[in-house]
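Everything below concerns the one structure shown next.
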Amino acid sequence: MKKVEAIINPSKLKDVQIGLKAANIPCMTVMNVKGTGLQKSYSEVYRGTEKSNILRNKVLIICVISDENLDKCINVILDNASTGNVGDGKIFVYDVMDAIRIRTRTRGGEAIK
Ligand SMILES: Nc1ncnc2c1ncn2[C@@H]1O[C@H](COP(=O)(O)OP(=O)(O)OP(=O)(O)O)[C@@H](O)[C@H]1O
Ligand SMILES: [Mg+2]
């Protein structure tokens with residue numbers, strides 16, 4: 001199992017969600033977050049603060065998926081969240097040790113099917 005964390009622009013959330021559902025990856029956790037990347041191209045000064053220090057509104061999507069769905073999941077996010085502009089976001093991938101469905105106590109891969 002893998003955990004995919006995608007930090008994207010809020011305006012792209014709907015398209016990513018629809019794309020993931022269509023790809024048979026319907027389960028997700030979504031959080032509103034603030035963040036900053038490298039933002040090398042925003043070097044102007046804004047009210048005395050470097051724009052690169054500004055924390056921008058982003059959406060964090062968390063999906064726990066089977067290993068075989070990993071590439072599909074990443075590609076859906078790339079296809080739906082990318083504009084080619086800075087700040088499009090970032091995807092992080094982690095190994096997941098276990099998953100437990102509380103209702104049935106099912107563990108492992110079965111818990112995310
Ligand atoms: N190394 C990181 N660690 C944690 N969060 C990050 C990291 N890089 C980016 N993020 C998160 O992702 C969001 C979007 O990052 P962003 O797309 O600006 O990355 P970038 O590396 O600056 O790429 P780009 O040059 O395309 O802007 C940030 O606002 C932040 O929330
Ligand atoms: Mg950036």
Å³ per residue enclosed by the Cα convex hull of the chain: 113 Å³
Heavy-atom SASA rank of Met31, Met97 (probe 1.4 Å, accessible area, largest first): Met97, Met31
Point-charge dipole on Cβ atoms (K/R +1, D/E -1) for the chain, about Cα centre, debye to 20: 440 debye
Two-site label geometry, Asp67 and Lys14: point separation in nm, points 7 Å out along Cα→Cβ: 3.8 nm
Given charges at Cβ of Lys, Arg, Asp, Glu: the stretch 63-110 dipole, positive-most of Ile102, Ala81, Ile91: Ile102
Long-range HN-HN contacts of Ala99 with modeled amide H, under 5 Å: Gly108
Accessible surface, per residue, of the chain when the full set of protein chains is kept, probe 1.4 Å, Å²: 68 Å²
Relative contact order computed over the chain (Cα-Cα under 8 Å; 6+ residues apart), in percent: 42 percent
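The values are calculated or read from the model by the stated rules, or taken from the named source; none is laboratory data. Note that the structure is predicted; figures quoted are calculated from it, not measured. Methodologically, a virtual Cβ is constructed for each residue, glycine included, from the backbone with ideal geometry; neighbour enumeration extends over all protein chains shown. SASA here: full protein model, heavy atoms, side chains in, ligands and nucleic acids out. Shrake-Rupley method; radii C 1.70, N 1.55, O 1.52, S 1.80 Å.
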